[in-house]
Amino acid sequence: MAVGPDTRAGAPRFPETRWTRIVAARDRPDLRREVLGELCATRWQPLYVHLRKQGLPRERAEDVVQGFLVHLLERDFLARLDPGRGRLRAYLKAALAHYQANLHEQESAQKRGGGARPLAFDDVEALVPAAPDDPAAAFDREWALALFEGALAELEAELASGARRGPVAVVRQLFRMGEAPAYDALAAEHGMSVPQLKSFVHRARGRFRELLLARVADTVQTPAEAEAELADLLKALAA
């Protein structure tokens, strides 16, 4: 499914974690831990896949991810985070590399978390075999897939609730990764003419792109950067 210049698709759900909210939290201790908690809860899966593609055994990758998240929560990470200097995706990847470089070999790989919810490593481990062999590419692809799945879930919810009109099943069949069914067969299945189906898909693609771009905008500072980030994520999925 394409989301190019005007219209593509791919499972984690992402709450709103915009740069503006991150910046606000830097000067508000009461908000800082809440924002960092959201960041850790919604962005850890690409980090895990990245580590596994580096060759880390599963248990070690789990320990490194959990230790890294604790590191972000305990250190003044937000105070050093400058939206004017890059994208959130690149910041987290670089911060993880720095954290790894400073790990001591003798450090015991103990589970840490300070009462945080356990991470669903089993679900994400299932994604590792299909990820690119290059760790950086694996990180970018998983980051992109998570954003796409979140936007798609939001579109499906709008259709299911009646906020937008149209068959949810068509979106699920056409917008997810994989081979899409032929339009004539799909139209017949849902009691639509092919022109009606094409019209619905055109509207749904436009709305999907809006939702996706809003999620991408959470990780950059300007609309132009959001468009550039979206283009890069599409490339990551196509690789």
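The values are calculated or read from the model by the stated rules, or taken from the named source; none is laboratory data. None of these values were measured; they are calculated from a predicted model. For neighbour counting, all protein chains shown are included, and Cβ atoms are generated from backbone atoms with ideal geometry for every residue, glycine included. Remember, those area values only see protein heavy atoms, side chains included, never the ligands or the DNA or RNA. Shrake-Rupley method; radii C 1.70, N 1.55, O 1.52, S 1.80 Å.
Atom-type composition of the exposed protein surface of the stretch 87-239 places 54 percent of the accessible area on carbon and sulfur (1.4 angstrom probe). So for the stretch 145-225, taking the charge dipole from beta-carbon charges (+1 Lys/Arg, -1 Asp/Glu), which of 208, 224, 166 sits furthest toward the positive end? Projecting each Cα onto the dipole axis, the largest value belongs to 166. Each part reduced to its alpha carbon centroid, the stretch 43-70 and the stretch 171-230 end up 31 Å apart. Rolling a 1.4 angstrom probe over the protein heavy atoms with all chains in place gives the stretch 31-80 an accessible area of 39 Å² per residue.
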